[in-house]
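Peer 1: One structure follows; several queries about it will come next.
The values are calculated or read from the model by the stated rules, or taken from the named source; none is laboratory data. This one's a predicted model, so the numbers in the text were calculated from it and none came from an experiment. Counting neighbours? That spans all protein chains shown, and the Cβs are built from the backbone with ideal geometry, glycine included. Only protein heavy atoms, including side chains, enter the accessible area calculation; ligands, DNA and RNA are left aside. Shrake-Rupley method; radii C 1.70, N 1.55, O 1.52, S 1.80 Å.
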Amino acid sequence: MNRGFHRAPGGGVSVTLGKPEIELLRNLLDQMLTLYDVRDPRNAGAGEGDLDDLARAAGLSGMGFSATDEPPADPVLARLFPDAYTEDEEAAREFRRYTERDLLEEKRANALTALRTLDRGPGTIHLDEAEAQAWLLALNDVRLALGTRWEIPENHDEVYLRMGPDDPRRPVFSVYGWLSVLQETLVEALW
């Protein structure tokens, strides 16, 4: 695996990725897009509820309103779309209703930017500042999803070192560690 991101001469950042690394990232980002589609109320007819009708009647459709104010049941989606107000359920619902669709679109756009830029590889992939910011957010979402689904603890490095060679979690922890290195080196390269 590569050594991560570094500041590129002339601006932006660069990372060198081989074909297997690109395929892995592409797979993870595609899974994130699928996950976002599950949450998007416009899919599977979920967007035809009272809130969308009200938004259309008020001339507000397409302005970021969500068709649901319910928190996600899936723990991964709940981690990616947390309640803004943990002590006030009504305020949390209201906030979700007015912000979640925009957040969903931002997350989707970040994943798509990362996917698009992967087409520049294998080899050295140069990212401008905006693309690097999208990568940073997309990597964070992938790490949050993996960490939540696989219950990866804060001390994942220590846990990984104690795992036996046949531990079924070993490959996931390895990927999580690599994504952590990518994210950390990207932060360092940007600042």
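Peer 1: For Ala91, only one of the following conditions fails: (1) within 30 Å of Trp178 (Cα to Cα); (2) modelled with pLDDT of 85 or more; (3) not in a loop (DSSP other than H, G, I, E, B). What is its number?
Peer 2: The single condition Ala91 does not satisfy is (1).
Peer 1: Then there is this: Does Leu29 count as surrounded by 18 or more Cβ atoms within 10 Å (Cβ to Cβ) and at pLDDT 90 or above? Spell out the reasoning first.
Peer 2: Details: surrounded by 18 or more Cβ atoms within 10 Å (Cβ to Cβ): yes; at pLDDT 90 or above: yes.
Considered against the rule, which asks whether it is surrounded by 18 or more Cβ atoms within 10 Å (Cβ to Cβ) and at pLDDT 90 or above, Leu29 comes out as yes.
Peer 1: What is the residue count in region 97-115 for residues that are touching a helix residue (DSSP H, G or I) at 6+ places or on another chain (Cβ under 9 Å) and more than 30 Å from Arg26 (Cβ to Cβ)?
Peer 2: 1
Peer 1: Another question, then. Working carefully through the options Ala189, Ala109, Ala78, Ala130, find the one that is open to solvent by 30 Å² or more (accessible area, probe 1.4 Å), more than 21 Å from Leu35 (Cβ to Cβ) and assigned to a helix (DSSP H, G or I). Break it down stepwise before answering.
Peer 2: Details: Ala189 fails: open to solvent by 30 Å² or more (accessible area, probe 1.4 Å); Ala109 fails: more than 21 Å from Leu35 (Cβ to Cβ); Ala78 fails: more than 21 Å from Leu35 (Cβ to Cβ).
Testing whether each residue is open to solvent by 30 Å² or more (accessible area, probe 1.4 Å), more than 21 Å from Leu35 (Cβ to Cβ) and assigned to a helix (DSSP H, G or I) leaves just Ala130.
Peer 1: State which residue is most open to solvent (accessible area, probe 1.4 Å) when the search covers only region 143-184 and only residues that are part of a helix (DSSP H, G or I) and basic (Lys, Arg). Before you say what the answer is, go through the steps one by one.
Peer 2: Here is the first cut: in region 143-184, the ones part of a helix (DSSP H, G or I) are 143-149, 156-162, 170-184.
Cutting the leftovers down to basic (Lys, Arg) gives us 143, 149, 162, 170.
Values: Arg143: 44, Arg149: 122, Arg162: 164, Arg170: 70 Å².
Restricting to residues being part of a helix (DSSP H, G or I) and basic (Lys, Arg), the top hit is Arg162.
Peer 1: If you go through region 112-127 one residue at a time, how many are open to solvent by less than 40 Å² (accessible area, probe 1.4 Å) and not in a loop (DSSP other than H, G, I, E, B)? Walk me through it before giving the result.
Peer 2: To start, the set of residues in region 112-127 that are open to solvent by less than 40 Å² (accessible area, probe 1.4 Å) comprises 113-115, 117-118, 121, 123, 125, 127.
Adding the requirement that they be not in a loop (DSSP other than H, G, I, E, B) leaves 113-115, 117-118, 123, 125, 127.
Count: 8.
Peer 1: Restricting the search to region 116-171, which residues are over 30 Å from Pro9 (Cβ atoms), of a type in the set (S, T, N, Q) and at pLDDT 95 or above?
Peer 2: Here is the first cut: in region 116-171, the residues over 30 Å from Pro9 (Cβ atoms) are 144-171.
Narrowing further to those that are of a type in the set (S, T, N, Q): 148, 155.
The answer is Thr148, and nothing else.
Peer 1: Looking at region 1-26 only, could you name the residues that are among the aliphatic types (A, V, I, L, M) and open to solvent by less than 90 Å² (accessible area, probe 1.4 Å)? Quick ask: steps written out before the conclusion?
Peer 2: Of region 1-26, the ones among the aliphatic types (A, V, I, L, M) are 1, 8, 13, 15, 17, 22, 24-25.
Within region 1-26, Ala8, Val13, Val15, Leu17, Ile22, Leu24, Leu25 qualify.
Peer 1: Can you name the residue in region 81-104 that is touching a residue at least 24 places away in the same chain (Cβ under 8 Å) and within 16 Å of the chain's Cα centre (by Cα) and, of all such residues, is surrounded by the fewest Cβ atoms within 10 Å (Cβ to Cβ)? Even if it seems obvious, please write down each step before you answer.
Peer 2: Start the filter on region 81-104 by keeping residues that are touching a residue at least 24 places away in the same chain (Cβ under 8 Å), which leaves 81, 93-94, 96-102, 104.
If we keep only those that are within 16 Å of the chain's Cα centre (by Cα) too, we end up with 81, 100-102, 104.
Values: Phe81: 20, Glu100: 24, Arg101: 23, Asp102: 13, Leu104: 20.
Ranking the qualifying residues of region 81-104, first place goes to Asp102.
Peer 1: Please find, among Phe65, Phe81, the residue that is modelled with pLDDT of 90 or more and touching a Lys or Arg at 6+ places or on another chain (Cβ under 8 Å). Spell out the reasoning first.
Peer 2: Working: Phe65 fails: modelled with pLDDT of 90 or more.
Exactly one residue qualifies, and that residue is Phe81.
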